[in-house]
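The values are calculated or read from the model by the stated rules, or taken from the named source; none is laboratory data. Since the model is a prediction, treat every value here as computed from it, not as a measurement. For neighbour counting, all protein chains shown are included, and Cβ atoms are generated from backbone atoms with ideal geometry for every residue, glycine included. Ligands, DNA and RNA are excluded from the accessible area calculation, which covers all protein heavy atoms including side chains. Shrake-Rupley method; radii C 1.70, N 1.55, O 1.52, S 1.80 Å.
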Amino acid sequence: LALLICAMVFASVLLNGLDVMSLRERVRIMIILSARAASFTVNLTVSRIMVLKPNSAYLAVSLVQKILSGAVMTHAIVVQSTAVRQALYVPLNACTLITVNALTGIVIWEDYLVVVSWIGYIGVFILLLLGSY
């Protein structure tokens, strides 16, 4: 989770600190994808943490992370709407979100402990990726 938060903060700093429109489209896409994928995944992960009934301090930190990740995600969406070609960006965004969330499930939430069929698990994600692009 710390790596995702760092990626989200770094991408947010780039979005706010650079003149995004002066960059090549490929670079704009990478920065916006990083901000969107990291903030979306942090947001979902924090939501899942909140369901686990954390103590008050942990809940407060989770709420702050939820609000900040939502702000970064919203800012990236606004920038994305004018900075990149949507026909290229939207499928890339969907594939990136699917991949990052799958990896987060395996690494952070230990989905690997309950996966019965790795062929089925991987097959579902391949179908999702192919359907998105």
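Of the residues making up the stretch 40-54, one or more are at pLDDT below 95, basic (K, R), under 20 Å from F125 (Cβ atoms) and open to solvent by 30 Å² or more (accessible area, probe 1.4 Å).
Residues in the stretch 92-133 that are of a type in the set (S, T, Y) and closer than 22 Å to I32 by Cα: T96, T99, T104, S132, Y133. Within the stretch 3-39, the set of residues being closer than 19 Å to L68 by Cβ, open to solvent by 10 Å² or more (accessible area, probe 1.4 Å) and β-branched (V, I, T) comprises I5, V9, V13, I31.
Quick check on the stretch 63-70. Is at least one of its residues among the polar types (S, T, N, Q), assigned to a helix (DSSP H, G or I) and either open to solvent by less than 80 Å² (accessible area, probe 1.4 Å) or modelled with pLDDT of 95 or more (or both)? Within the stretch 63-70, one or more residues are among the polar types (S, T, N, Q), assigned to a helix (DSSP H, G or I) and either open to solvent by less than 80 Å² (accessible area, probe 1.4 Å) or modelled with pLDDT of 95 or more (or both). Among the residues of the stretch 77-124, the one identified as free of Cβ contacts under 8 Å to residues at least 60 places away in the same chain, over 15 Å from the mean Cα position of the chain (by Cα), surrounded by 15 or more Cβ atoms within 10 Å (Cβ to Cβ) and in a helix (DSSP H, G or I) is Y121.
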